[in-house]
Amino acid sequence: MATDDTPAIELRGISKAFGPVQANKGIDLMVPRGTIHGIIGENGAGKSTLMSILYGFYRPDAGEILIGGRPIVISDSQTAIRAGIGMVFQHFKLVQNFTVLENVILGAEDGRLLRPSLARARGELQRLAREYELQVDPDALIEELSVGHQQRVEILKALYRQADILILDEPTGVLTPAEADHLFRILRGLRDEGKTIILITHKLREIMQITDNVSVMRRGEMVASVKTSETSPAALAELMVGRKVLLRVDKAPATPGAPVLELRGLRMVDAEGVERLRGIDLDIRAGEILGIAGVAGNGQTQLLEILGGYPEAGARLEGEIRLKGQPLPLSGSDGRARRRAGIGHVPEDRQVEGLIMDFSAWENVAFGYQDAPEFNRGPLMDHAAIRADAQGKIERFDVRPPNPDLAAKNFSGGNQQKIVVAREVERNPDLLLIGQPTRGVDIGAIEFIHKRIVALRDAGKAVLLVSVELDEIMALSDRIAVMFDGRIMGERLPKATTSGDLGCLMAGVDPAVVPATEAIPPAQAPGTEPGGGAV
Amino acid sequence: MGRLPRWADVILTPLISVLLAFAISALVILAIGESPVEALKVMVEGALGSSYGWGFTLYYATNFIFTGLAVMVAYHAGLFNIGGEGQAAMGGLGATLVILSLPWPHWALALPAAMIGAAGFGALWALIPAWLQARRGSHVVITTIMFNFIAAALLNYMLVNVLRPVGSMDPASANFPAATHLPKLSEMALAFGITWGKNTPANITLFIALAACVLVWLLIWRTRLGYEIRAFGKSEPAALYAGISPVRITVLAMLISGGLAGLMAVNNVMGEAERLVLNSVEGAGFIGIAVALMGRNHPFGILLSALLFGFLYQGGGELALWTTIPRELIVVIQALVILFTGALDNMVRRPLEWVFARSGKRD
């Protein structure tokens, strides 16, 4: 479709402050019609604020928004929808126990009776499915759909509301590489039909792969807008951070020693009777980083929790865990016993598990180690000692602002993570469990955290890395194990694999064994099938 | 996301809330045809104008300190203990059994024993809901409310069938022996040659309450158990990650909470009534919720708000005595204070944050 000259979206001098924090400073942005426009920036650069302004969640303090050349005041999301803007959020806004059809018409019903709306929506969905590869069973319940399909429903919702402009916030974070490729095909199809797409992401690879233009945000400002074909990942990364960054992790080849952690036939059935781990056999050696790749929700969380000493309540466990040859109890253990045994743990979700967000930074430095002798004096905790320890960690890990009295929630994601990593790494554990080490962490801090993990490895410690970021797994791991549906689908060496190969394993297909079928090999675990049903 | 300076958060916000509650109470008083200025005068005069008034105000405040601290400790563990009423009643039973079972030679011996009895029974009464919450997930709000009724019924039974002296028609225990009577503040003052608060119930328990404030502060902010209680109260998944047992914290926090509520009996049963009567708690367990809310779940705040509620209680009694304003008006004022300091906190906080953000920019 021919594009005329008026841009689909034009922002002029958009500013927004939250108290003393200037989230957006005089943002200018021009998005031509019928293009895919990437917006990239570190966490806290102001991308989400800008998009929230565009979708009517916030009112800008200053500036002007033009949609299709006409100035518009977007006071709420209804106005945004009427102006043709559709938003696909990072966390889907779907009713889990409604069908696809019901979710699509929710809030866009034609009248008091549902039947005519449903009939109309059914026809419309069929048309959209044909045109854009957006096939979803209209009568399926959302909770039965895969994450990729749920995302399609979100896109369908926006299209059903006649969106011309589609904003997607970190859309690939939860997708397998294959699902992401499918999404990109859909997006290209939409663009070719004349829709305008804004893609917010922090993944440089995606920007290079799919966008026509890209704008870079840094500290609330739009620092550059360029044609994607005329830039490079390194140039974009430098623009994002404001200095040169290393996109690859510099590390010497591993020199693995004796096994530190040995798992044999580890099975776990949760309280609902669902088998989450179906017989895991793994060895991690001293001086080695084992990366576990996989789409979120395939048992990685359960594995970390069990090793960390806090399996889900009501779960049944089988198998063997040995740390440096010594058997560890499966259950009846707790986090403190595991720490004493020499396991450090950076949990997947630092805000829910790793930190008490209302506690100050120095109080968080003792978290999990509150009974360490150096933190206690008689019956009372030794606040002075804990503060001194926190002060040192803040300096060594360059936590900003360097204020131990600040509550954890007032630090940025990267600095929060530095506090957790400092706490766990500086104990010099024999085994470090680290889940999603750089989720929501800015590039500068990612580099730093990666270096620390490698340094721990070089000191002869074992690291179990769990991440849904394939790039991170590839860059950090000395060995990669792919988890799917509670099993280890296969092990690879980073040098001897590709993201396509890993992607197949992540989708439950071993390309070497059964190419392109959905056959899943039976569990290799020797244990018997647990007697089914919740207890 | 405006931030308030600490003093504004801790002092100014509750103060404005209380003033708002008072302003609306004034309107209510106007509406029933009385003068709010007169009413305030009667209250201040009656509660704070004489050592006699103070003697009662401090007595009530002592009760509220214990029940307020009880709510606070549970709150920091993320538990809402509304069973203070029943726990305090059971504390009364515990103290009574201890005092009547042995011929105590001196109050100084009877006091620690009675404290153990009172705290023990209160703690025990909180243990069952705590256990049900920790092990079975039965919500502690529901179970502690139910336990208030069970405590009331149990006390009724004990007083009528077990503790009532032979021949008495009054559902109350025997009078405590004179040797176990606690020194009143008036008597203690007299020992120093000061005439203060004659014939008022305020007694030595006030100092126990003050000590409890300090100890609870130490517990929550200086001990490892307090650290774990606070961590658990803020985030249960994080507590699990850190190796803090939810069962242990739930049970311990509720035991301490119930024990504090039970300790109130030392003031009202042993110190004032000097026997166990029906409904001796008189709602202090519930007022503890308001006291803790208004005191921002900090012992110092609880001390101040307990004094305020002591003033309201005593002043309210005076109002009923000297004006046509019914005693129930105090309940209205209390309700308004709870409404403004608890439920409508943001109504005051937001504008204040705005004011501070503005004045901050000008600087």
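Here are the numbers for the structure shown:
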read-out: Hey, B:Ile128 free of Cβ contacts under 8 Å to residues at least 24 places away in the same chain, out of contact with any strand residue (DSSP E or B) (no Cβ under 6 Å at 6 or more places or on another chain), surrounded by fewer than 24 Cβ atoms within 10 Å (Cβ to Cβ) and among the β-branched types (Val, Ile, Thr) or not; value: yes
read-out: Hits in region B:1-33 (condition: of a type outside the set (A, V, I, L, M, F, W, C), within 14 Å of another protein chain (Cβ to nearest Cβ) and loosely packed, with under 14 Cβ neighbours inside 10 Å); value: B:Pro5, B:Arg6
read-out: Positions within region A:171-228 being modelled with pLDDT under 90, touching a strand residue (DSSP E or B) at 6+ places or on another chain (Cβ under 8 Å) and more than 20 Å from A:Glu238 (Cα to Cα), in sequence order; value: A:Pro171, A:Thr172
read-out: Candidates A:Glu305, A:Glu312 - the one that is under 23 Å from the mean Cα position of the chain (by Cα) and free of Cβ contacts under 8 Å to residues at least 24 places away in the same chain; value: A:Glu305
read-out: Selection from region A:332-355 of residues that are assigned to a loop (DSSP other than H, G, I, E, B) and either surrounded by fewer than 23 Cβ atoms within 10 Å (Cβ to Cβ) or out of contact with any Asp or Glu (no Cβ under 7 Å at 6 or more places or on another chain) (or both); value: A:Gly332, A:Ser333, A:Asp334, A:Gly342, A:Glu348, A:Asp349, A:Leu355
read-out: Criterion (surrounded by fewer than 23 Cβ atoms within 10 Å (Cβ to Cβ) and under 16 Å from A:Glu348 (Cβ atoms)) met by exactly one of A:Gly460, A:Gly435, A:Gly413; value: A:Gly413
read-out: Out of B:Pro171, B:Pro165, B:Pro129, sole residue that is at pLDDT 95 or above and more than 30 Å from B:Phe311 (Cβ to Cβ); value: B:Pro129
read-out: Any helices (runs of 4 or more DSSP H) falling wholly within region B:120-228 and containing at least 3 residues that are more than 17 Å from B:Glu85 (Cα to Cα); value: B:185-191, B:205-222
read-out: Test: residue in region A:368-388 that is touching a helix residue (DSSP H, G or I) at 6+ places or on another chain (Cβ under 9 Å), among the polar types (S, T, N, Q) and under 20 Å from B:Ser245 (Cβ atoms); value: yes
read-out: Restricting region A:8-36 to residues that are part of a strand (DSSP E or B) and of a type in the set (Val, Ile, Thr), the residue that is nearest to the other protein chains (Cβ to nearest Cβ); value: A:Val21
read-out: Filtered residue count, region B:322-363, keeping only those that are of a type in the set (A, V, I, L, M), away from chain A (no Cβ under 14 Å) and in contact (Cβ under 8 Å) with a residue 60 or more places away in the chain; value: 9
read-out: Elements of type helices (runs of 4 or more DSSP H) in region B:246-358, at least 1 residues being out of contact with any Leu (no Cβ under 7 Å at 6 or more places or on another chain) and charged (D, E, K, R); value: B:246-265, B:299-322, B:328-338
read-out: Within region A:478-516, tally of residues that are under 23 Å from the mean Cα position of the chain (by Cα), on the phi > 0 side of the Ramachandran plot and modelled with pLDDT under 90; value: 2
read-out: Selection count, region A:361-407, where residues are within 27 Å of the chain's Cα centre (by Cα), assigned to a helix (DSSP H, G or I) and away from chain B (no Cβ under 14 Å); value: 4
read-out: Qualifying residue in region B:34-44 (condition: surrounded by fewer than 24 Cβ atoms within 10 Å (Cβ to Cβ), among the aliphatic types (A, V, I, L, M) and in contact with an Asp or Glu (Cβ under 9 Å, 6 or more places away or on another chain)); value: yes
read-out: Selection status of A:Val454, over 21 Å from the mean Cα position of the chain (by Cα) and closer than 21 Å to A:Val249 by Cα; value: yes
read-out: Some residue of region B:20-40 being under 22 Å from B:Val281 (Cα atoms) and either in contact (Cβ under 8 Å) with a residue 12 or more places away in the chain or not β-branched (Val, Ile, Thr) (or both); value: no
read-out: Checklist (1) modelled with pLDDT under 90; (2) more than 25 Å from B:Ala151 (Cα to Cα); (3) out of contact with any Ser or Thr (no Cβ under 6 Å at 6 or more places or on another chain); (4) more than 14 Å from every other protein chain (Cβ to nearest Cβ) applied to B:Met294, failing item; value: (3)
read-out: Residue within region B:331-343 that is surrounded by fewer than 19 Cβ atoms within 10 Å (Cβ to Cβ), among the hydrophobic types (A, V, I, L, M, F, W, C) and under 16 Å from B:Tyr60 (Cα atoms) present; value: yes
read-out: Single unsatisfied condition, B:Val269 versus (1) under 24 Å from the mean Cα position of the chain (by Cα); (2) farther than 27 Å from B:Pro112 by Cβ; value: (2)
read-out: Index of the failed condition, A:Leu266 passing every other in (1) closer than 30 Å to A:Tyr310 by Cβ; (2) in the same structural domain as A:Ile85 (by TED's automatic domain parsing); value: (2)
read-out: Residues (within 7 Å of chain A (Cβ to nearest Cβ), among the charged types (D, E, K, R) and more than 23 Å from the chain's Cα centre (by Cα)) located in region B:220-246; value: B:Arg224, B:Glu228, B:Lys234
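Conditions (1) closer than 29 Å to B:His298 by Cβ; (2) of a type in the set (Lys, Arg); (3) in contact with a Pro (Cβ under 9 Å, 6 or more places away or on another chain); (4) assigned to a helix (DSSP H, G or I), marked per residue:
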{"residue": "B:Ala8", "(1), (2), (3), (4)": "yes, no, no, yes"}
{"residue": "B:Ile11", "(1), (2), (3), (4)": "yes, no, no, yes"}
{"residue": "B:Leu15", "(1), (2), (3), (4)": "yes, no, no, yes"}
{"residue": "B:Val18", "(1), (2), (3), (4)": "yes, no, no, yes"}
{"residue": "B:Ala21", "(1), (2), (3), (4)": "yes, no, no, yes"}
{"residue": "B:Ser25", "(1), (2), (3), (4)": "yes, no, yes, yes"}
{"residue": "B:Leu30", "(1), (2), (3), (4)": "no, no, yes, yes"}
{"residue": "B:Glu38", "(1), (2), (3), (4)": "no, no, no, yes"}
{"residue": "B:Val44", "(1), (2), (3), (4)": "yes, no, no, yes"}
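The values are calculated or read from the model by the stated rules, or taken from the named source; none is laboratory data. Note that the coordinates shown come from a computational prediction; the quantities given were computed from them, not determined experimentally. Positions of Cβ are backbone-derived with ideal geometry, glycine not excepted, and every protein chain shown enters the neighbour counts.
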